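Worksheet: the structure to be examined is printed underneath.
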Amino acid sequence: MVLFVWPWPSRLFIMLGVPTLQEIIQLDEAGLVEALQRGDDAVFTVVMDWYSGSLLRLAMAYVPSRAVAEEVVQETWMGVLEGIARFEGRSSFKTWLFRILTNRAKTRGTRERRYEPFGLPGSDFEGDEGPSFEDSLFVAEGSGKGYWIDPPQGWEPDTPERALLSKECRTAIEVAINGLPDTQRQVITLRDVEGVSAEEVCNILTISETNQRVLLHRARTKVRRVLDPYVRGGNL
Amino acid sequence: MDRNFKQQLMGYLTGNFSCQDIAELITDYLEGSFTLTQRLRFQMHIGLCVACRNYLRQMKYTVAILRKLPAEPVPPHMKEELLKRFRTWKHEQPSSGSSSDS
Ligand SMILES: [Zn+2]
């Protein structure tokens, strides 16, 4: 249905507010690209609104400050305008957009980032990790080998809601994500926070599927570990 | 059916996965990169082990929480600036893109 509506002034159905932008983009990406090429203010406004937060979040996984991340996002949109005439839809618009961002952010990141070893001494986020970095959670020797030292507790079914309502807990999650090694942070930001498919994450970050899963696994494991004390025993 | 066979079958199905194996493979499982046999073995362990069942649930909740983190706020001045630049860009385009924004 949206397909029929598209050529109409986009402002009209944006006002009607029926399909979400995500639906529009999924259903009619060619229409979206065509509207941007033609210079449609309303479509640009909505698309920019929709994606800039995600772009900003990802940019912060490359550069040291929010201010620089904002500049990277601005540059990304300029890159979109430069390239939109030549966009042929070989990848999805979203993948293309995030690729522009990662290219610009990498350039800025290497220029600006003060390099420091991953994690601080004594923090949970020890560096780039051997093959089995969960070792510390399990019995290493003897008859109980491979069993939990401290078996995981059940989290109540309303845990996600409660965790998200607690400012303290949200802050702890953000801090945990910020403290991850860059590549892990990029993967978890795209895959989990932004909900991008695994395949697209691989395309955006140009990493293999296996690598994507390993990085995602480590990142998720660390975030879970940070969450646990908040959630355990009804601390929220 | 004799007991020996049953035990063998159970051993085969759970594939001797330890709890640590489960923890290490959990993302592969959640991301759907397992073969059917691996999947069955994993699920068999999860079915028999409360701790790992809890852990799996914790991981699912962790993902659910991440997915719902509030969006990164975009400062209004940045949006205004971008729209301004978009309009400038539009006017610099060759005439083929006639102004359709009435
Ligand atoms: Zn277990």
Solvent-accessible area per residue, Å², over the range B:21-80 with all protein chains present [probe radius 1.4 Å]:
49
Number of partner chain Cβ atoms within 10 Å, mean per residue of B:23-32
5
22 Å Cα-Cα reach of B:Lys90 towards lysines, excluding residues that sit fewer than 8 places from it in its own chain
A:Lys94, B:Lys79
Chains A and B, summed buried accessible surface - 1.4 Å probe, Å², nearest 100:
5100
For the range B:23-43 and the range A:206-229, write down the distance between their C-alpha centroids in whole Å.
15
Which residues' amide hydrogens lie under 5 Å from the amide hydrogen of A:Phe138, considering only partners 5 or more residues apart or on another chain, with H built in the peptide plane?
A:Ile149
Averaged per residue, the 1.4 Å probe accessible area of the range A:16-111, protein heavy atoms only, in Å², is roughly 40
Excluding residues fewer than 8 places away in the same chain, name every one of the lysines whose C-alpha is closer than 25 Å to that of B:Lys60.
A:Lys167, A:Lys222, B:Lys68
Remind me, relative contact order of the range A:139-210 in percent, using alpha carbon pairs under 8 angstrom and six or more residues apart?
11
Please work out the FRET efficiency for the pair B:Asn16 and A:Ile149, using the Cβ-Cβ distance as r and a Förster radius of 22 Å; give the result to the nearest 0.05.
0.65
With a 10 Å radius around each residue's Cβ, average the other Cβ atoms per peptide and rank A:50-62, A:67-79, B:39-51, highest first.
A:50-62, A:67-79, B:39-51
Do any residues of the range A:144-168 lose at least 40 Å² of accessible area when the full set of protein chains is present rather than just their chain alone, and if so which, with a 1.4 Å probe?
A:Gly146, A:Trp148, A:Pro152, A:Trp155, A:Pro160, A:Leu164
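Take the alpha carbon gyration tensor of the range A:135-232, find the square roots of its eigenvalues, order them as a ≥ b ≥ c, and report rounded if a/c is under 1.5; if not, report prolate when a/b exceeds b/c, else oblate. Don't jump to the answer; show the numbers that get you there.
Values: a/c = 2.22, a/b = 1.20, b/c = 1.86.
Oblate is the answer for the range A:135-232, as a/c is 1.5 or above yet b/c matches or exceeds a/b.
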If r is the Cβ-Cβ distance from B:Thr35 to A:Arg232 and R0 is 51 Å, what FRET efficiency results, to the nearest 0.05?
0.90
Per-pair calculated FRET efficiency, R0 = 22 Å: A:Glu209 and B:Leu48 via Cβ, rounded to 0.05:
0.15
State in Å² the accessible area per residue of the range A:133-230; use a 1.4 Å probe, count heavy atoms of protein chains only, and round to the nearest integer.
44
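The values are calculated or read from the model by the stated rules, or taken from the named source; none is laboratory data. Quantities reported herein were computed from a predicted structural model and do not represent experimental measurements. Here Cβ is always computed from backbone atoms with ideal geometry, including for glycine, and neighbour counts include all displayed protein chains. Ligands, DNA and RNA are stripped out before the accessible areas are found, and what is left, the full protein with its side chains, is counted by its heavy atoms. Shrake-Rupley method; radii C 1.70, N 1.55, O 1.52, S 1.80 Å.
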